[in-house]
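J.: Quick one: structure below, then a few questions.
The values are calculated or read from the model by the stated rules, or taken from the named source; none is laboratory data. In this text, all values refer to a predicted model and were calculated from it rather than measured experimentally. Note that we place each Cβ from the backbone using ideal geometry, even for glycine, and neighbour counts take in every protein chain shown.
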Amino acid sequence: MKTINIASTEKSPKVFFDPRKHVFEMEGNSRPENVRDFYYPIIDTLRDYFEDIAEKQTRSETNNAFNFNFKLEYFNSASAKFISDILVIIRNGYDKGINMKVNWYFDEGDDDMKEVGEDFSEMISFPFSFIMVKR
């Protein structure tokens, strides 16, 4: 079981994944200079983890959903491709019987970020919970 704990920078988001607590969080801005180097280890870890547990667990065996909390303020188009890859991993895990939940946070008045979340939700055919944050 591999935990991910990446601190945020001016150009990259905080990324935290704790399989024991069933939580994944991505928060901040995502415009890393080498987007592949940033996202590939995250994607590989998530893919490997959920493929491994899909064989051992079914949705009915656990009440604890894996909560994926996306609290992004901004991301560029290169990051969007990798975020969509993460969302596909979530959908694939769900299709294999793992209880998954996506929470998409957006600032009050940031209709663009909400719409991007709605587009992602529609793209992977998976319902998101949309949570407005008042600042």
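J.: Out of (1) within 22 Å of I6 (Cβ to Cβ); (2) under 14 Å from the mean Cα position of the chain (by Cα), the odd one out for I124 is which?
T.: (1)
J.: Identify, by number, the condition in (1) under 23 Å from S8 (Cα atoms); (2) in contact with a strand residue (DSSP E or B) (Cβ under 7 Å, 6 or more places away or on another chain); (3) among the β-branched types (V, I, T) that I98 doesn't meet.
T.: So I98 meets the others, but not (1).
J.: Of (1) crowded, with 18+ Cβ neighbours inside 10 Å; (2) assigned to a helix (DSSP H, G or I), V88 satisfies all except one. Which?
T.: The one condition V88 does not meet is (1).
J.: Of everything in the stretch 10-57, what is among the polar types (S, T, N, Q), surrounded by 12 or more Cβ atoms within 10 Å (Cβ to Cβ) and assigned to a loop (DSSP other than H, G, I, E, B)? Give them in sequence order. Step through it out loud before you land on a result.
T.: Of the stretch 10-57, the ones among the polar types (S, T, N, Q) are 12, 29-30, 34, 45, 57.
If we keep only those that are surrounded by 12 or more Cβ atoms within 10 Å (Cβ to Cβ) as well, we get 12, 29-30, 45, 57.
Selection gives S12, Q57.
J.: Tally the residues that are surrounded by fewer than 18 Cβ atoms within 10 Å (Cβ to Cβ) and either within 9 Å of the chain's Cα centre (by Cα) or of a type in the set (G, A, S) (or both), restricting the search to the stretch 91-113. Quick ask: steps written out before the conclusion?
T.: So the first thing to find is which residues in the stretch 91-113 are surrounded by fewer than 18 Cβ atoms within 10 Å (Cβ to Cβ), and the list is 91-92, 95-97, 101, 103, 107-112.
Adding the requirement that they be either within 9 Å of the chain's Cα centre (by Cα) or of a type in the set (G, A, S) (or both) leaves 97, 103, 109.
Looking only at that region, the number is 3.
J.: Tell me, which residue of the stretch 60-78 that is out of contact with any His (no Cβ under 9 Å at 6 or more places or on another chain) and exposed (fewer than 14 other Cβ atoms within 10 Å of the Cβ) is modelled with the lowest pLDDT?
T.: S60
J.: Would you confirm whether or not the stretch 111-118 contains a residue that is out of contact with any Gly (no Cβ under 9 Å at 6 or more places or on another chain) and in contact (Cβ under 8 Å) with a residue 40 or more places away in the chain? Spell out how you get there, then give the answer.
T.: Our first condition is that a residue be out of contact with any Gly (no Cβ under 9 Å at 6 or more places or on another chain); within the stretch 111-118, this holds for 111-118.
If we keep only those that are in contact (Cβ under 8 Å) with a residue 40 or more places away in the chain too, we end up with 113, 117.
Looking for residues that are out of contact with any Gly (no Cβ under 9 Å at 6 or more places or on another chain) and in contact (Cβ under 8 Å) with a residue 40 or more places away in the chain, one finds at least one in the stretch 111-118, hence yes.
J.: Mind checking which residues of the stretch 110-126 are more than 14 Å from I83 (Cα to Cα) and in contact with a Lys or Arg (Cβ under 9 Å, 6 or more places away or on another chain)?
T.: Once the filter is applied, which keeps residues that are more than 14 Å from I83 (Cα to Cα) and in contact with a Lys or Arg (Cβ under 9 Å, 6 or more places away or on another chain), the stretch 110-126 yields S125, F126.
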